[in-house]
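Some notes on the structure that comes next.
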Amino acid sequence: ALEMIDFKNALEQFQNLVEKMIIQKTQESSGLYTKDDDEIDYDKFYTTTQTLFGPAVKDQNIQAFFRKIVSNPDEKPEWLEIFGCFLGEDDGTSSPSKESMVLLVSEKQQITHSVVKRKDVVKGIVKVPLLHFTVTASQRGVLTVFSKQRKSFFSYSFYFHQDTAWITGCDFLPNLKYVVAVTECTVILWDYKSKERQNNGFVIKPMKNCLLCVSTVTMSDHLAKDTILMGDDKGYVYLLTLTNDDFIMKQSKAEKESQFRFMDSESFNMPKRKLHDDWVVKIKYISALKRFASCSTDSIHSFVLDDIKRLEDNLPVKEFSVSKGVNAFTYCGKAKVIVTGG
């Protein structure tokens with residue numbers, strides 16, 4: 001009970017500090033503020049917060065909280081954010097975290113497996129809820145599937161050796177059970193279930209433009225095939241449908257000392273349409289809307305949301321423009337909104 005009283009008192013002092021700081025910043029913006037001994041700068045804010053809460057707060061959270069107030073005093077952050085926590089729903093299954101001294105947060109499990117080596121970075125990460133999978137792809141060609149089985153993580157890794165081309169995105173084909181990744185000039189299909197080190201992957205090439213992103217089209221009515229969407233650096237969006245027969249009929253012999261079998265991109269019916277005048281930086285099929293969405297750094301054709309049939313005809317598409325383009329987006333089904341980031 002004493003700890004609760006102490007924390008409540010500390011929280012009240014912290015909220016008073018924030019209120020004083022908001023008044024100060026508001027006066028500064030209107031030119032009415034005069035500097036005095038009570039001025040709250042970052043050093044004073046940091047020292048006071050550390051004194052009130054001690055090691056329960058981290059430097060980066062204090063810095064982020066301070067920056068939010070400075071950038072927009074009218075919308076002060078929630079006090080939870082000073083502890084690196086945000087308001088959210090609790091499913092009732094989370095266990096108390098030993099790391100938190102103030103709030104109860106869900107316990108996180110850390111994957112200690114080293115996915116990438118030095119000078120490499122993860123370029124894509126995809127969660128596959130139905131199979132309890134997490135798929136990652138590194139820039140230099142390491143594809144990894146993390147499978148949560150028997151309450152522990154197992155990983156299967158696959159290295160795509162390349163001379164110059166970098167992986168730019170990845171996804172999972174739920175019906176064919178393949179991992180798909182795109183590089184600057186190829187499409188990679190990895191059979192992660194195969195126990196053979198050789199010939200457990202396919203590569204579709206050549207692609208004329210540089211591929212930048214990939215996404216699976218999820219449709220439950222076609223169990224023997226998967227469709228993927230891809231975007232390139234010239235503003236084109238591609239539609240590629242794959243079946244089990246393609247892996248048998250269209251493959252060519254693997255080159256010497258290679259673990260891949262090659263398929264000619266010309267042998268596929270691959271509709272494409274130029275929807276943007278710049279890079280297509282992200283593409284996604286939104287199942288709830290039965291529409292695909294793509295965004296670009298293009299200031300005119302920044303965001304497109306329409307039926308995938310538009311990729312096979314020339315009818316107008318639903319789009320909007322944003323100055324300097326759109327770099328990211330997401331859809332929230334509960335709120336029924338699409339949020340974009342430029």
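Between E81 and D59, with labels modelled 7 Å along Cα→Cβ, what's the label distance in nm to one decimal, could you check?
Output for this residue pair reads 2.1 nm.
Taking N as the number of residues in segment 275-341, what is its Cα Rg relative to 2.2 N^0.38 Å?
Details: Rg = 11.4 Å, N = 67, 2.2 N^0.38 = 10.9 Å.
For segment 275-341, the normalised Cα radius of gyration is 1.05.
Ignoring ligands, DNA and RNA, how do V122, V135 rank by accessible area with a 1.4 Å probe, largest first? Walk me through the numbers on the way to the answer.
On the way: V122 75, V135 0 Å².
I get V122, V135, largest accessible area first.
Do the alpha carbons of any pairs in K208/K334; K20/K334; K208/K309; K25/K282 sit beyond 30 Å of each other, and which pairs?
Values: K208/K334 40 Å; K20/K334 36 Å; K208/K309 23 Å; K25/K282 37 Å.
K208/K334; K20/K334; K25/K282, as the Cα separations exceed 30 Å there.
For segment 12-69 and segment 262-313, what is the separation of their Cα centres, given in Å?
46
Let me make sure I get this right: for segment 1-83, a, b and c are the square roots of the gyration tensor eigenvalues over alpha carbons, sorted descending. Under 1.5 in a/c it's rounded, otherwise prolate if a/b > b/c, else oblate. Which is it? Please report the intermediate quantities before stating the final value.
Numbers: a/c = 2.00, a/b = 1.78, b/c = 1.13.
Prolate shape, in that a/c is at least 1.5 and a/b is the bigger ratio.
Full-extension gain between F247 and K290, please, as 0.36 nm times their residue separation minus the C-alpha to C-alpha distance.
Values: separation 43, 0.36 × 43 = 15.48 nm, distance 2.77 nm.
Here the answer is 12.7 nm.
Calculate the spin-label point distance for D6 paired with K324, positioning each point 7 Å from the Cα along the beta-carbon direction, and give it in nanometres.
Spacing of the two 7 Å Cα→Cβ label points: 4.6 nm.
If I model a spin label at K119 and S194 as a point 7 Å from the Cα along the Cα→Cβ vector, what separation in nanometres do I get?
So the two model labels end up 2.9 nm from each other.
The values are calculated or read from the model by the stated rules, or taken from the named source; none is laboratory data. Just so it is clear, the model here is predicted, and its values are computed rather than measured. So basically every Cβ, Gly included, is an ideal-geometry build from the backbone, and we count neighbours across all protein chains shown. To get the accessible areas, we keep the full protein, side chains included, count just its heavy atoms, and leave off ligands, DNA and RNA. Shrake-Rupley method; radii C 1.70, N 1.55, O 1.52, S 1.80 Å.
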